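Please read the structure below before turning to the comments.
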Amino acid sequence: MNSVKIFLLALFCLSLFSVDAQVEQITLEQTPGAFTTESVVLTSGDYQFLIANKDVDHEVGFVLVPKGKYGQEHHIKNAYVKETVATGKSSETNVVNLPAGEYEYFCPMNPTPKYALTVRDDVKVLQMDQTPGKFTQQALTISEGSYQFVVANDDVDGNVGFVLVPKGKYSADDHIKSAYVTAPVSTGSSSRTGVVDLKAGEYEYFCPLNKTPKYTLTVVK
């Protein structure tokens, strides 16, 4: 193979890697008769769902539909798991492109209730990476608006989380509950918070599981 062909092949592989890197994976865990995450809010884009079976004594699956449309013809086929999920196992879906709108997810094999998945275009996403004992984003200034934090665990040995509070108020009662991650964040994975509507003021963020310092988040008009 000559040098030009090698270069083109490398460029093609890099292009594939770049596309895959843009796809966020959303983990949803099932227990007997239920999903542990009871609602999801996302921004429009491409997603892959990872469905985990925790203690359901048979295989489970995953169905995603536009809200209120439950017939099989309305199932979003790319959101089917690649293989049914046995007890203690997990399986990915294909990549699903989700425009803004209202959806529902459920598992008819478990069976579970139907849960809301909302895709919004008015939410800004902030990436928050944790390494042992700290966040890599150590102070932020943002404008008022609706935000969702994506919290990533980069080489922390154990689960991490995310706490956001008004500045100086650290008790559990003062935690902004919508800023909790939807699932504990294990090493090498990430999880989203709910949508947080932030007004002008001073806030702080930290992770008590990772024992990070408290960092300032300033919201301006």
Residue in the range 29-45 that is nearest to F62 (Cα to Cα), counting only those that are hydrophobic (A, V, I, L, M, F, W, C) and either in contact with a strand residue (DSSP E or B) (Cβ under 8 Å, 6 or more places away or on another chain) or buried (at least 19 other Cβ atoms within 10 Å of the Cβ) (or both): F35
Test for T118: is it free of Cβ contacts under 8 Å to residues at least 24 places away in the same chain and either in contact with a strand residue (DSSP E or B) (Cβ under 8 Å, 6 or more places away or on another chain) or exposed (fewer than 14 other Cβ atoms within 10 Å of the Cβ) (or both): no
Answer from P99, P111 - the residue that is surrounded by fewer than 14 Cβ atoms within 10 Å (Cβ to Cβ), touching a residue at least 40 places away in the same chain (Cβ under 8 Å) and within 16 Å of F35 (Cα to Cα): P111
Complete set of residues in the range 153-200 that are part of a strand (DSSP E or B) and of a type in the set (D, E, K, R): R192, D197
Output for the range 121-136, where each listed residue is surrounded by 17 or more Cβ atoms within 10 Å (Cβ to Cβ) and either more than 16 Å from the chain's Cα centre (by Cα) or among the aromatic types (F, W, Y) (or both): K134, F135
Residue among A172, A116, A152, A179 that is outside the structural domain of E38 (by TED's automatic domain parsing) and closer than 30 Å to K77 by Cα: A152
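Give the range 75-96 a look and list any residue that's surrounded by fewer than 13 Cβ atoms within 10 Å (Cβ to Cβ) and either in contact with a helix residue (DSSP H, G or I) (Cβ under 6 Å, 6 or more places away or on another chain) or not in a loop (DSSP other than H, G, I, E, B) (or both), or say none.
Result: K77, single match.
The values are calculated or read from the model by the stated rules, or taken from the named source; none is laboratory data. These numbers were taken from a predicted model, which means no experiment stands behind them. Don't worry about glycine lacking a Cβ; one is built from the backbone with ideal geometry, like all the others, and counts go over all protein chains shown.
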